[in-house]
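Colleague: Can you read through this structure? Questions will come right after.
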Amino acid sequence: MFFIFGWGHRKVQDHGRVARRLCSNCRNEEPWQLLTVSEWVTLFFIPVLPTSRKHLTMCPVCGYAIELEGAALEEARRVARL
């Protein structure tokens with residue numbers, strides 16, 4: 001019997017725009033997106049076990065992202081729901 005395992009499968013969930021901010025990378029001022037990025041272990045190419053989860057705000061122009069935690073994450077979630 002043989003199993004096909006994989007890792008690094010990535011799922012990205014976009015929660016919407018959260019705040020207009022100046023990007024330190026590209027210097028554009030745009031509304032940034034709140035994203036949840038999850039990495040999974042796969043079995044026969046089906047995601048079965050999450051290995052990590054990050055919450056990020058991302059510049060829509062250049063893709064530069066900042067990881068959020070704690071109170072900053074809760075505030076971004078509240079704004080994204082509006």
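The values are calculated or read from the model by the stated rules, or taken from the named source; none is laboratory data. Note that this is a predicted model, so its numbers are computed, not measured. A quick note on method: Cβ atoms are made from the backbone with ideal geometry, for glycine too, and the neighbour counts reach across all protein chains shown. Ligands, DNA and RNA are stripped out before the accessible areas are found, and what is left, the full protein with its side chains, is counted by its heavy atoms. Shrake-Rupley method; radii C 1.70, N 1.55, O 1.52, S 1.80 Å.
Colleague: If you take the residues in the range 47-79 that are open to solvent by 60 Å² or more (accessible area, probe 1.4 Å) and touching a His at 6+ places or on another chain (Cβ under 9 Å), which one is nearest to residue 13 (Cα to Cα)?
Modeller: Here the residue is 77.
Colleague: For the range 28-46, what are the residues that are in a strand (DSSP E or B) and open to solvent by 40 Å² or more (accessible area, probe 1.4 Å)?
Modeller: Of everything in the range 28-46, those that are in a strand (DSSP E or B) and open to solvent by 40 Å² or more (accessible area, probe 1.4 Å) turn out to be 29, 30, 39, 40, 43, 46.
Colleague: Inspect the range 7-24 for any residue being modelled with pLDDT of 90 or more, in contact with a Cys (Cβ under 9 Å, 6 or more places away or on another chain) and assigned to a strand (DSSP E or B) and give the result as yes or no.
Modeller: yes
Colleague: When the range 9-27 is examined, which residues are found to be open to solvent by less than 100 Å² (accessible area, probe 1.4 Å) and under 15 Å from residue 81 (Cα atoms)?
Modeller: Matches in the range 9-27: 14, 15, 16, 18, 19.
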